[in-house]
Amino acid sequence: MSYDFLMRTIMAGNNNRDEQMKFDADCIPPNFELASLHQKASAVGRDISQEEIANLQEARCPCCLQWTEKSALSIKVNPLKLSFLGTGVPLFFDFIKQCITILVIMFCTSGDYNLITNIAFGTSCQKDLDDSNTRDNCDLNYITQSSLANKRLDSSLMNLQQMLNLVSIFIIIILLQYIRIQQRTILRDCDFHTTTPSDFGVKLSHIPTENAGQIKERLINVLNEFLDKYVPYDPKVLKYIEQKMKIQMNRKNVQKKYVIPPRIHSITLCYDISKYQELNQEKEQHIKEKQKYLHKMYENYSPDDGLLQKVKGQYVDNELNDIENKVVEVNQKIQLYFDQFLDQNSEQKEFVGIAFVTFQWEADQEAFLNLNRTTGWGRYFGEQTKIYLDNQNIVVDEAPEPRDISWQNLHIGNNKKIFNRILSVILIGIQLCFTSWAIFNISKLQQDLLEKENLLLKKLASLASVIIIFINYLLSYSIKKIAAFQGFSTNTGHHISIATSAGIAQFVNSALVTWLVFTLLFDENYYKDGGLIYNQTYVFISNMIIPAVTAILDPAYWIKVYNRYSEEQKGKYSLCTQEQLNKLYENNEETLSDRYAAILKTMLMTSFYASIIPLGILFSIIALTLLYWVFKYQFLRRRTFKQSLGFNLSIEMTEILEYMIPIYCFSNFWFQYTFTKGKDVSSFAIIGVVIGIVNAVLPCYELNQALFIIEDYEQVTIPYKKIEKRLDSDYCRNNPATQDQAKQKFIQSMRVNK
């Protein structure tokens with residue numbers, strides 16, 4: 001434990017506690033010590049031990065209420081121990097490892113034979129050809145010698161290759177089922193080792209919105225009646241309560257008896273916070289106005305001059321004071337806006353019919369869910385739960401983590417969401433067409449340059465692969481902007497959309513567009529100088545080097561470090577608000593969607609070209625291995641996690657990964673068909689295509705759940721009120737409509753002796 005932390009904690013026990021915990025988000029100039037404190041709180045690391053937490057209750061950031069004293073984690077740490085960042089993080093690292101395993105299996109079952117026979121026994125490509133412009137000619141070099149083109153004329157080697165490809169397909173199908181089992185096992189282990197609010201929570205929707213002020217009290221009554229009628233106390237809970245009562249009775253000088261906690265700990269209602277966002281934007285405009293004015297004032301005055309000082313809360317300068325009053329006025333409007341949600345007599349028209357219920361006991365939460373579990377299709381055909389309020393059936397779902405909820409989107413109706421997502425797909429499709437057209441023209445220019453005798457022009461032609469990576473980066477950036485309007489109610493759903501769209505779009509640009517260009521435009525020029533095999537080999541090499549080098553250099557991190565340094569040099573002349581400085585001192589936020597998109601692109605591209613460029617499998621193995629360790633270092637040292645992404649992100653990425661089976665099968669068939677001019681296509685290749693199509697339409701995840709049962713660990717019987725002080729989030733503290741009051745209540749509870 002550091003000395004300054006110990007002294008800060010001791011000081012927190014005296015009369016300065018309130019000042020310690022005060023946080024003025026709009027303060028100019030900001031407090032750099034508070035920003036440094038927030039930097040520690042937002043960093044990735046294990047919180048201090050529970051023994052220290054019990055004695056050091058004030059060691060939290062006044063901004064976000066997260067623990068400021070954390071222990072750094074080793075780069076060798078088991079990803080399972082990162083479950084406190086959300087189940088999505090351990091599952092992400094497992095996903096990369098399983099992708100590497102798939103590629104290793106692919107190489108060992110068919111790729112190694114492919115590579116060896118291409119190099120050692122292939123004779124279809126020759127050196128010093130007289131007529132290099134002939135379509136069937138293949139000039140022998142390090143690229144073509146290792147490719148399938150070098151044995152395309154040997155039917156026996158080609159047929160054996162297709163048989164091994166079929167074996168590889170079967171093994172990958174089995175491996176993908178194992179990956180799903182592994183994902184479900186990791187999810188169970190994360191749930192056992194890490195206690196989170198969602199372990200005790202459920203989501204209620206379709207709640208009547210009339211008289212919302214009394215909704216919370218009425219919901220508590222309905223839920224308690226349901227629990228009394230359908231959910232008896234779990235035997236382990238009864239045993240826990242009995243033990244607590246015995247301990248209390250055996251103690252001397254007992255002032256009060258043990259009180260059995262209520263089975264419903266809390267209910268958090270959700271509201272349309274659009275007006276709050278509008279008020280925030282208005283406040284930001286006034287703050288910008290204040291910053292511009294201060295910038296002009298600092299040209300002639302120091303912050304210490306009387307003109308820029310406050311007297312009884314008012315600036316001496318009248319114009320500056322007017323601007324400050326506008327900020328204060330907006331803050332008052334925000335406070336009044338939120339105060340109405342605390343008034344039971346208020347109409348609360350902003351209530352959106354959604355509530356998050358936190359049970360006292362995890363056993364009650366699980367039993368409640370099991371008794372009211374429905375599916376989307378089931379609800380569509382009339383399936384209902386057992387919970388009613390005002391004769392309206394209440395829909396019950398598992399609750400996401402508080403930091404996974406997109407609170408600003410909860411008011412968006414299903415019809416609006418469907419419209420937004422259809423529009424997003426259209427916009428992404430238009431952008432994909434535009435980028436594909438750009439790559440088409442780049443490929444055409446590449447071929448024109450290769451026909452020149454100038455060596456420099458030929459070298460420039462090989463840069464096309466680098467340009468494709470840059471185009472994919474721009475496409476991914478625009479997809480993220482479009483996805484912001486899709487209205488997902490969880491961050492996990494939002495990032496599933498980004499990763500899926502960006503991953504598939506990048507695969508189309510990196511693999512399919514160039515294949516179509518060389519197939520249709522250049523008369524199936526696959527193995528001539530500058531043909532498809534050359535182009536995609538450069539793409540594989542670029543994909544192995546550029547993403548890893550970019551991640552290692554991490555320019556976004558160093559830009560932020562430089563901006564922090566620049567702001568520190570300004571000192572009391574800094575124009576940042578406290579909130580802006582805190583964000584500057586945070587590391588860049590990690591959301592995983594870009595990472596998943598890059599991995600999916602690599603896997604799908606590799607499966608498409610594995611048969612003709614077996615070296616590409618090795619390049620991709622190296623690429624993913626490098627990225628695994630670079631990503632892990634970045635997560636532990638240079639990123640912050642504001643969102644607790646759920647397991648569905650990894651599950652959906654595995655569903656996309658399933659596409660590599662039909663892609664691999666089709667490419668095996670197509671390239672043999674092309675190389676043999678359709679005269680000698682192996683039956684193994686045709687069987688592979690059929691298997692790929694069948695596997696693509698099967699509900700593989702549902703089959704995995706039905707065939708392979710994962711036994712849950714025994715639940716730990718602890719009431720929610722005992723663990724809530726250790727949690728960095730809960731539904732009240734993360735809900736913008738209730739967070740101010742919830743944070744104040746939480747701070748007060750931290751000072752109560754246990």
Is it the case, given these coordinates, that Tyr527 is part of a loop (DSSP other than H, G, I, E, B), of a type in the set (Phe, Trp, Tyr), at pLDDT below 90 and crowded, with 18+ Cβ neighbours inside 10 Å? yes
Looking only at the range 711-726, count every residue that is crowded, with 16+ Cβ neighbours inside 10 Å and assigned to a loop (DSSP other than H, G, I, E, B) and tell me the total. 3
Considering only residues that are among the aliphatic types (A, V, I, L, M) and not in a loop (DSSP other than H, G, I, E, B), look in the range 361-392 and name the one that is nearest to Asp199 (Cα to Cα). Ala363
Anything in the range 165-180 that is in contact with a Gly (Cβ under 9 Å, 6 or more places away or on another chain) and among the aliphatic types (A, V, I, L, M)? List them, or say none. Leu166, Ile169
Residue by residue through the range 390-430, note down the ones that are β-branched (Val, Ile, Thr) and surrounded by 15 or more Cβ atoms within 10 Å (Cβ to Cβ). Ile394, Val395, Val396, Ile405, Ile412, Ile428
Pairing a residue in the range 383-412 that is small (Gly, Ala, Ser) with any residue that is modelled with pLDDT of 90 or more and in a loop (DSSP other than H, G, I, E, B), where Cβ atoms lie under 8 Å and the two sit 6 or more apart in sequence or on different chains, gives Ser406/Phe488; Ser406/Ser489
Take the conditions touching a Leu at 6+ places or on another chain (Cβ under 9 Å) and part of a helix (DSSP H, G or I) and apply them to Phe608. Does it pass? yes
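Among the candidates Ile334, Ile354, single out the residue that is β-branched (Val, Ile, Thr), surrounded by 13 or more Cβ atoms within 10 Å (Cβ to Cβ) and over 22 Å from Gln578 (Cα atoms). Reasoning before the result, please.
Values: Ile334 fails: over 22 Å from Gln578 (Cα atoms).
Residue meeting the stated conditions: Ile354.
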Residue match in the range 336-355 (condition: part of a loop (DSSP other than H, G, I, E, B) and at pLDDT 90 or above): no
For the range 535-594, give me each residue that is free of Cβ contacts under 8 Å to residues at least 12 places away in the same chain and acidic (Asp, Glu). none
Within the range 258-295, track down each residue that is basic (Lys, Arg) and free of Cβ contacts under 8 Å to residues at least 12 places away in the same chain. Lys288, Lys292
Find the residue count for the range 70-93, including only residues that are in contact with a Gly (Cβ under 7 Å, 6 or more places away or on another chain) and of a type in the set (Val, Ile, Thr). 1
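So which of Tyr233, Tyr258, Tyr240 is more than 21 Å from Ser574 (Cα to Cα), at pLDDT 80 or above and in a loop (DSSP other than H, G, I, E, B)? Reasoning before the result, please.
Working: Tyr258 fails: at pLDDT 80 or above; Tyr240 fails: in a loop (DSSP other than H, G, I, E, B).
One residue alone meets the criteria, Tyr233.
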Does any residue of the range 549-563 turn out to be crowded, with 22+ Cβ neighbours inside 10 Å and not in a helix (DSSP H, G or I)? no
Of all residues in the range 78-93, which are crowded, with 23+ Cβ neighbours inside 10 Å and in a loop (DSSP other than H, G, I, E, B)? Gly86, Thr87
Working only within the range 173-208, note down all residues that are among the hydroxyl-bearing types (Ser, Thr, Tyr) and in contact with a Lys or Arg (Cβ under 9 Å, 6 or more places away or on another chain). Thr195
I want to confirm something. Restricting to the range 60-77 and keeping residues that are outside any loop (DSSP other than H, G, I, E, B) and touching a residue at least 60 places away in the same chain (Cβ under 8 Å), which single residue is farthest from the chain's Cα centre (by Cα)? Arg60
Going by the structure shown, is Ser650 part of a loop (DSSP other than H, G, I, E, B) and under 26 Å from the mean Cα position of the chain (by Cα)? no
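The values are calculated or read from the model by the stated rules, or taken from the named source; none is laboratory data. Keep in mind the model is a prediction, meaning the values are calculated, not measured. For neighbour counting, all protein chains shown are included, and Cβ atoms are generated from backbone atoms with ideal geometry for every residue, glycine included.
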